[in-house]
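Working notes, beginning with the structure itself.
The values are calculated or read from the model by the stated rules, or taken from the named source; none is laboratory data. Given the structure is predicted, the values throughout are model-derived calculations rather than measurements. Reconstructed Cβ throughout: ideal geometry from the backbone, glycine too, with neighbour counts over all protein chains shown. Surface areas here come from the heavy atoms of the whole protein model, side chains and all, with no ligands, DNA or RNA. Shrake-Rupley method; radii C 1.70, N 1.55, O 1.52, S 1.80 Å.
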Amino acid sequence: MIVKPIECAIATYIAEHVMLRKNGYPYSVNASLLDREIVDPVNILELVMFVEEHFGLNVEEDELNAQNFDSVAGIARYVQQKQRNKDWLAGEG
């Protein structure tokens, strides 16, 4: 699976709904959302809800960490891994 479309969807969501920008996400996909103060605790919850709804995933409480949710690239990797696990589990049954 290609990560770029996932990164694009996440960056667009952050730009438009968190940063309230219409001209795109201005940072590298590896930029820290927390260090750059792009998101706050409320925005993180909204971002988790977006990930769950847009990608059809369930984010577990123990998966809510900086490794998974501190950058667009990190969120995209997390989504990709969850989708792979979901596809693998669906193929078992």
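Out of (1) of a type outside the set (D, E, K, R); (2) in contact with a Phe, Trp or Tyr (Cβ under 6 Å, 6 or more places away or on another chain); (3) surrounded by fewer than 10 Cβ atoms within 10 Å (Cβ to Cβ), what's the single condition that is false for Asn68?
(3)
Only one residue in Val59, Val48, Val42 is exposed (fewer than 13 other Cβ atoms within 10 Å of the Cβ) and either in a helix (DSSP H, G or I) or under 13 Å from the mean Cα position of the chain (by Cα) (or both), so which one is that?
Numbers: Val59 fails: exposed (fewer than 13 other Cβ atoms within 10 Å of the Cβ); Val48 fails: exposed (fewer than 13 other Cβ atoms within 10 Å of the Cβ).
Residue meeting the stated conditions: Val42.
Scan the stretch 5-39 residue by residue and report those that are open to solvent by 40 Å² or more (accessible area, probe 1.4 Å) and of a type in the set (D, E, K, R).
Of everything in the stretch 5-39, those that are open to solvent by 40 Å² or more (accessible area, probe 1.4 Å) and of a type in the set (D, E, K, R) turn out to be Glu16, Arg21, Lys22, Asp35, Arg36, Glu37.
Would you call Ile2 buried (at least 18 other Cβ atoms within 10 Å of the Cβ) and either modelled with pLDDT of 95 or more or not aromatic (Phe, Trp, Tyr) (or both)?
No; evaluated as a whole, the condition is false for this residue.
Those residues that are assigned to a helix (DSSP H, G or I), polar (S, T, N, Q) and modelled with pLDDT of 95 or more, I need them from the stretch 62-79; list them, please.
The answer is Asn68, and nothing else.
Return the pairs, sorted by first residue and then second, in which the second residue is polar (S, T, N, Q) and surrounded by 12 or more Cβ atoms within 10 Å (Cβ to Cβ), the first residue lies in the stretch 10-26 and is in contact (Cβ under 8 Å) with a residue 40 or more places away in the chain, the beta carbons are less than 7 Å apart, and the residues are 6+ apart or on different chains.
That search, which allows pairs on different chains as well, returns Tyr25/Thr12.
Can you pull out the residues in the stretch 15-47 that are among the hydroxyl-bearing types (Ser, Thr, Tyr) and in contact with a Lys or Arg (Cβ under 8 Å, 6 or more places away or on another chain)?
Hit for the stretch 15-47 is Tyr27, nothing else.
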